[in-house]
Structures are given as C-alpha cells and as structure tokens.
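We did not get these values from a lab; they are worked out from the coordinates using the rules stated. Since the structure is predicted, the reported quantities are computational estimates derived from the model, not experimental observations. Every residue, glycine among them, receives a Cβ derived from its backbone with ideal geometry; neighbour counts consider all protein chains shown.
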Amino acid sequence: MQNIPISRAVRGATTVENNVDDEIYQATVELLRKMIEENSIDSDEIINVIFTLTHDLDAAFPAKAARVHLGWNTVPMICTQEIPVPESLQKCIRVLITFNTAKSKDEIRHIYLRKAQTLRPDLVK
C-alpha cells in the first residue's frame with residue numbers, strides 16, 4: 001500500500017516566566033522547532049497554525065516569531081486567547097499545526113515543554 005499524504009494535526013505547548021516579547025518569541029521558536037523536528041514537518045506541508053495564549057500573555061504574537069525565525073511567511077497563522085479557566089496553567093503558549101503527512105495518528109509526536117508538561121504528562125517523553 002502506498003503512503004498517500006493526508007492532513008494530520010500536532011499539538012504542542014510551552015510556558016514563559018514573564019510577559020516579555022523576547023521570552024514569548026524564544027519559547028515559541030523552541031517549541032515549533034521541536035515539533036517540526038520530531039514530526040519531520042517541512043513548511044511546504046503545513047496547512048495552517050493556530051496559536052493560543054493565556055490571558056496573562058499579550059506582549060507578542062507567536063506567529064511573528066514563526067515568520068521571523070523560521071521563515072514561515074506563506075503559512076496561514078492566527079493567534080487567539082485561551083479560555084481563562086480558573087486555576088489553569090498560566091503564561092502558557094499552545095499551538096496546533098495542521099499539516100500533510102503519510103504518518104499515522106500514532107506516529108505523530110505531540111510536544112509539551114517546560115511547565116506545560118503538566119498538561120499532558122501521558123505524552124511527555
């Protein structure tokens with residue numbers, strides 16, 4: 001059977017200590033690089049990227065970090081605010097990348113870094 005690319009999605013999340021643009025950019029790039037490395041994603045395969053930030057992060061757009069540091073100028077991206085659930089993880093950046101791949105769902109490696117590892121301990125290596 002031939003492996004025909006289909007759309008899949010990969011999740012990831014990370015945190016920062018401070019609501020500062022440089023920290024948001026660095027954490028975003030670190031997370032995205034790990035996601036693309038672990039899943040062998042080429043930017044031409046990306047359909048879109050959705051970023052969410054908790055209400056306490058408003059110093060920078062994660063999409064700008066992807067454009068500037070990864071060259072994702074033609075990738076459709078959007079940033080939005082995460083639902084402010086009481087007692088949820090603070091200063092958290094979440095990302096959902098939809099991309100074309102021949103990988104099965106079981107082969108997709110979701111990435112959780114820093115304090116975000118508490119969100120999905122079942123997926124942390």
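Things worth noting here:
- Considering residues of region 1-35 that are assigned to a helix (DSSP H, G or I), crowded, with 20+ Cβ neighbours inside 10 Å and hydrophobic (A, V, I, L, M, F, W, C) only, the residue farthest from the chain's Cα centre (by Cα): Ile24
Let's see how each residue does on (1) of a type outside the set (A, V, I, L, M); (2) touching a helix residue (DSSP H, G or I) at 6+ places or on another chain (Cβ under 7 Å):
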position	(1), (2)
Leu32	no, yes
Ile47	no, no
Val68	no, no
Trp72	yes, yes
Val85	no, no
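- Here Ala60 passes the criteria (1) within 28 Å of Ser104 (Cα to Cα); (2) in contact with a Ser or Thr (Cβ under 9 Å, 6 or more places away or on another chain) except the one numbered (1).
- Residues of region 51-80 satisfying the condition of being under 14 Å from the mean Cα position of the chain (by Cα) and over 17 Å from Leu31 (Cβ atoms): Pro76
- Taken over region 101-119, the residue count meeting the criterion of being touching a residue at least 24 places away in the same chain (Cβ under 8 Å) and either in a loop (DSSP other than H, G, I, E, B) or closer than 28 Å to Glu17 by Cα (or both) is 13.
- In region 77-100 there is no residue that is under 22 Å from Glu37 (Cα atoms), touching a residue at least 24 places away in the same chain (Cβ under 8 Å) and in a loop (DSSP other than H, G, I, E, B).
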